[in-house]
Amino acid sequence: MKKSHMIAVSCLLATSLVTGTAAAQSDKYKESGKNSEASNKYEKKEQEKQKEKAEKEAKKAKEEQEKQAEKAEKEVKKAKEEQEKQAEKAAKEAKKAQEEQEKQAEKAAKEVKKAQEEQEKQAEKAAKEANKAQEELDKQAAKKAKEEEKAAKKASLKSDTYGNYKKYEGLLKAIERLQDKPAGSAVAEMLKAKYEMLLSLDQQKQLGDVTEKDAALWAAAGILEKDGNLTDAASIGKEALRANYKDIAAYKKLGLLYKKLGKQNLGLYVNGEELEAAPILHNGRTLVPFRSISEALKAEVNWNPADKSVTVTRGGVVVKLIIDNKIAYVNGKEKVLDIPATLIDGTTVVPSRFVSEALNADVQWEPDTGAVIIIDKEAMENTEASATTEANADTQ
């Protein structure tokens, strides 16, 4: 039962009690025979007093009821506010959880996108490197095909008769036919027979003294140059260079013939053989194609696209270069380059001095023509030893 109801019941009981008491008192007076005006007055006064008391108690109960009602209303209001506050807090927490969930989802999406972009980047990089490696293979295949075509073309020009040869090819054929004589003497005889009308007595005498193949060939090149046949002069000059590739002055002679023909590129020679790949002037430094030189020196060359490295193996020496890195490795030992190995137009180039250090070759520079001359030290030593042996045999 509610407290307000209990108060109301108490008030009713009090009123009943007062009325009962008054009635009992009245009965008392009646019994005693004293039902006088005074007793009526007293009774009335007592009733009014009890009534006033009852009204006060009723008023007090009412005020208490109102107070309890107000308190209950406040408690209800407070409970409602607390409920609303809890609901608002729960809504905020739910919103925060939703935002955190969205944030995590966005972060996960970004990471997935980043991983995908990285994967695509790696795939693109791998594709580029594979394409580059394929281009290098295609380039080497094209070079080989060109060399084979050149060799086939040269072979097709040969004939059993002297008259079907170009001037310089006829001279070379004469050397082949007269193996029992010194090569230079054979060429000298051909020159005197072919160009007697163009030669002075002094020139004829000089030719008569020629015994070395390269000297005779250079004499032939000089006559062809004088005759205006610069192309043939340059071709026979190349043969002269092959005959004696240690003669540094010969590279200058050939370079000057090339200049007259309009060729301005720097020459690159390995053991007298001119390479198609030329040196490159880069930031004031002369760089040379490492693969072409290595292959000309009969070295094994391998390209690794994974770490962009070139590995060259020759005679027990293993050289490893890494593109855009100044550190090279020769038999596992570090070598510091002046400038790093670099890719220019798909070709790995290095400072020319590194070739001599890594591949046991002598590297020289011909200042007038800018030619880079590379001579295999081991081949040179073998040639000199062979020449010494032959000379000793002749004296015995």
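The values are calculated or read from the model by the stated rules, or taken from the named source; none is laboratory data. Treat the numbers as computed from the prediction; the structure is a model and nothing was measured. Every residue, glycine as well, gets a Cβ built from its backbone with ideal geometry; the counts of neighbours run over all protein chains shown. Areas reflect the complete protein model, heavy atoms only, side chains present, ligands, DNA and RNA absent. Shrake-Rupley method; radii C 1.70, N 1.55, O 1.52, S 1.80 Å.
Checking each residue in segment 338-381 for being within 15 Å of residue 310 (Cα to Cα), open to solvent by less than 20 Å² (accessible area, probe 1.4 Å) and part of a loop (DSSP other than H, G, I, E, B) picks out only 341.
Residue 266 passes every criterion in (1) open to solvent by less than 40 Å² (accessible area, probe 1.4 Å); (2) closer than 11 Å to residue 366 by Cβ; (3) part of a loop (DSSP other than H, G, I, E, B) apart from (1). Filtered by the rule that a residue be surrounded by fewer than 17 Cβ atoms within 10 Å (Cβ to Cβ), in contact with a Lys or Arg (Cβ under 9 Å, 6 or more places away or on another chain) and not in a strand (DSSP E or B), segment 287-314 gives 298, 305. Scanning segment 218-232 for residues that are closer than 14 Å to residue 263 by Cα and either charged (D, E, K, R) or buried (at least 23 other Cβ atoms within 10 Å of the Cβ) (or both) yields a count of 0.
Within segment 274-306, the only residue that satisfies the criterion of being in contact with a Ser or Thr (Cβ under 9 Å, 6 or more places away or on another chain), of a type in the set (Asp, Glu) and within 14 Å of residue 143 (Cβ to Cβ) is 276.
Being part of a helix (DSSP H, G or I) and modelled with pLDDT of 80 or more is the filter here; which residues of segment 223-235 pass it? Give the steps one after another, and end with the answer.
Taking segment 223-235 and keeping what is part of a helix (DSSP H, G or I), we get 223-226, 230-235.
Passing the criteria: 225, 226, 230, 231, 232, 233, 234, 235.
If you go through segment 124-142 and keep only what is farther than 16 Å from residue 291 by Cβ and either modelled with pLDDT under 85 or surrounded by 11 or more Cβ atoms within 10 Å (Cβ to Cβ) (or both), you end up with 125, 126, 127, 128, 129, 130, 131. The set of residues in segment 269-286 that are in contact with a Leu (Cβ under 6 Å, 6 or more places away or on another chain) and either assigned to a helix (DSSP H, G or I) or among the acidic types (Asp, Glu) (or both) is empty.
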